Amino acid sequence: MTTAPDRHAAAAREVVAHIAEHLEADLSVQLWDGSIVPLGPNARDDIRLVISSPKAIRRLLLKPGLMTVFELYGAGELAITGGTPLEAVRRWDHLKALALPKRVNKLFLAKKALPFLLGGSDVSLGSAAWDSNVAAKPESGRSDMDLIQFHYDVSNKFYGLFLDPEMVYSSAYFETPETSLEEAQIAKLDMICKRLRLKPGEELFDLGAGWGGLICHAAKHYGVKALGCTLSQQQFDFTTAKIKAMGLEDRVEIRLADYRSVQDVERFDAIAQIEMFEHLGIDNHDQHFEDMRRLLKPRGRYLHQASVRRAPLDLESFRKPTAYQKVITRFIFPGGELDHIGMTVTNLERHGFEVHDVENWREHFQLTLEHWTARLAAHEAEAIAEIGEARVRLWLLYFSLFAMAFERGTTLVFQTLASKRRVGPSGLPFTRRDLYA
């Protein structure tokens, strides 16, 4: 007599085998009964996608899509064994995966789905998901401190498991693919300081200072006075201790405050915005650039490093949330939104800036994310003990997803230098030789 669990497993094997005909991947699926089904004609089973119960199949059938994959992966109903999610996703052709809905036999799949249609399929991720609405602007109720602390105040120890010793949480700058993450992050801090042409005695503002890497580096090695702001209590505590340990109290200040609370007019010689911009939401971009212009001295330099999306042919559709955006804003960066590089440059010009340099660091961020993925995977048990299994699993999936997005060029990151516009000389060198000296 065939039992319900037997019928579920048999149907699942047939479904996976049918998908394998069209996906032709180089990994296997392991079902809850221990059976292994290759996802391609010559697929290895060293890396496996593990489906822990019929509930996962049921949920994927009822709500197919990336959001369901994230929910199931976070809840442990889906897992990867033998490698990281990044290593797994590199085992299939992305274009073939996108074409699956058109290529599979929907009638066949519908028949095989019948055993799974009864029973529960709900999963709960608790505090690992942001399920509240996010207002567009502060004046309409948006709390950027709550949004930032959801992402950053999970644990400094957790971040230390995959970041470099300076705790720099943005794209590194690799001289070669073999350069270490530690070397590449110091090179990035140097490039920021060089591109801003920082000089001893100047005042620098880092408006999303993180764990203080840039403000301490710029004060120690370039002789500036630096002010940093963060909305993360844990970042503030870490940076306060770091400034004291380095003996930089007379040159470096960190504030637990919104950068928009800094009201000094034309105070700073240079401002660095290093991948904080993505948190703001496009509706707040105009105010951001107005604030940057207000805080800078005439011809003050502004360095804008931010991830962007690739612009579509139809710009009217740009702000329609994608599947990727929906999962990232629910599990990783609530309230976040990416612009495109054309929008960045246009907004800088609209708000009184002259743009001097625009450099694409896409492949640098791809490498950075590959390092972070490998390091977090290597310390997965410690990370789970620190912040919980669901959140660690979601972060590994997030790192892997974006490493592939940067590899494919659907997401990019640019370092853009501008100055507060005025008539006459820019004050910058005629060539860029000094950046590479």
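If you stretched the chain out fully between residue 24 and residue 10, how much longer would it get, using 0.36 nm times the residue separation minus the C-alpha to C-alpha distance?
On the way: separation 14, 0.36 × 14 = 5.04 nm, distance 2.06 nm.
Extending this stretch completely gives an extra 3.0 nm.
With a 10 Å Cβ neighbour count serving as the proxy for reagent exposure, in which order, fewest first, do 250, 146, 164 appear? Before the final figure, lay out the partial values.
Details: 250 9, 146 14, 164 22.
Listing 250, 146, 164 from fewest to most nearby Cβ atoms yields 250, 146, 164.
Would you kindly state how much longer the chain becomes between residue 155 and residue 314 on full extension, computed as 0.36 nm times their sequence separation minus their alpha carbon distance, in nm to one decimal? It would help to have the intermediate numbers written out before the result.
Values: separation 159, 0.36 × 159 = 57.24 nm, distance 4.09 nm.
Here the segment from residue 155 to residue 314 would lengthen by 53.1 nm.
From zero outward in steps of 5 Å, how is the percent of C-alpha pairs of region 255-356 spread across the bins?
2, 11, 21, 24, 18, 12, 7, 4, 0
Between residue 356 and residues 5 or more places away or on another chain, which pairs have amide H atoms under 5 Å apart, with H built 1.01 Å from N, and which residues are they?
417, 418, 419
For region 416-424, take each phi angle, set θ = phi - 60°, evaluate the Karplus expression 6.51 cos²θ - 1.76 cosθ + 1.60, and give the result in whole Hz per residue in order, putting x for glycine and proline.
Working through the residues one at a time gives 10, 9, 9, 10, 5, 5, 7, 5, x Hz.
Excluding residues fewer than 8 places away in the same chain, name every one of the aspartates and glutamates whose C-alpha is closer than 20 Å to that of residue 199.
190, 249, 250, 253, 266, 269, 357, 434
Tell me the GluC sites (Glu not before Pro) within region 152-205 that lie in a loop according to DSSP and have at most 13 other beta-carbon atoms within 10 Å. All intermediate terms of the calculation are to be shown ahead of the outcome.
Numbers: sites: 166, 175, 178, 182, 183, 202, 203; in loops: 166, 175, 178, 202.
Listed in order of number, the matching sites are 175, 178.
Run through region 356-395 and list the chymotrypsin sites (Phe, Trp or Tyr not before Pro) located in a DSSP loop whose Cβ has at most 12 other Cβ atoms within 10 Å.
none
Quick one: Cα convex hull volume of region 4-124, Å³ per residue? All intermediate terms of the calculation are to be shown ahead of the outcome.
On the way: hull volume 11.8 nm³, N = 121.
So the per-residue hull volume is 98 Å³.
I need the phi-derived Karplus couplings for region 260-269: 6.51 cos²θ - 1.76 cosθ + 1.60, θ = phi - 60°, integer Hz, Gly and Pro marked x.
Those phi angles translate into 6, 7, 6, 9, 4, 8, 6, 9, 9, 7 Hz.
Where does each of 169, 259 land when they are ranked from fewest to most other beta-carbon atoms within 10 angstrom?
Working: 169 21, 259 24.
Lowest to highest Cβ neighbour count: 169, 259.
With 28 Å as the limit, write out which pairs from 225/326; 188/326; 63/112; 96/157; 137/225; 157/194 have Cα-Cα distances beyond it, or answer none. If you can, show how the numbers build up before the last one.
Working: 225/326 40 Å; 188/326 30 Å; 63/112 16 Å; 96/157 39 Å; 137/225 31 Å; 157/194 31 Å.
Pairs exceeding 28 Å: 225/326; 188/326; 96/157; 137/225; 157/194.
For a label point 7 Å from the Cα of residue 52 along Cα→C-beta, name the residues of region 373-389 whose backbone N is under 13 Å from it.
Of the residues in region 373-389, 389 have backbone N under 13 Å from the label point off residue 52.
Based on the mean of other beta carbon atoms within 10 Å per residue, what is the order of 134-143, 13-22, most packed first?
Order by mean packing, descending: 13-22, 134-143.
What FRET efficiency do you get for residue 325 and residue 95 if R0 is 30 Å and r is their Cβ-Cβ distance, rounded to the nearest 0.05? Don't skip to the answer; put the middle values down first.
Working: r = 21 Å, r/R0 = 0.70.
Calculated value: 0.90.
Restrict the search to region 65-116; then list the trypsin sites (Lys or Arg not before Pro) that DSSP places in a loop and that have at most 14 other Cβ atoms within 10 Å of their Cβ. Working shown, then result.
Details: sites: 90, 91, 96, 102, 103, 106, 111, 112; in loops: 90, 91.
Sites meeting the loop and neighbour criteria: none at all.
Which label marks the calculated value of mean projected area of the Cα convex hull in nm², given the options (i) 23.3; (ii) 35.7; (iii) 20.8?
(i)
Using the count of nearby Cβ atoms within 10 Å as a rough guide to exposure, how do 295, 412 rank from fewest to most? Mind dumping the intermediate values first?
Numbers: 295 23, 412 20.
The most exposed by this proxy come first: 412, 295.
Give me the distance between the Cα centres of region 348-382 and region 41-87, rounded to whole Å.
A separation of 27 Å, based on Cα centres.
Please give the length that would be gained between residue 433 and residue 266 if that part of the chain were fully extended, namely 0.36 nm times their separation in residues minus their C-alpha to C-alpha distance (nm, one decimal).
Working: separation 167, 0.36 × 167 = 60.12 nm, distance 2.90 nm.
In short, 57.2 nm is gained.
Taken together, the values in this text are just the output of simple stated rules run on the coordinates, not laboratory data. Since the model is a prediction, treat every value here as computed from it, not as a measurement. Note that each Cβ is placed from the backbone with ideal geometry, even for glycine, and that neighbours are counted across all protein chains shown.
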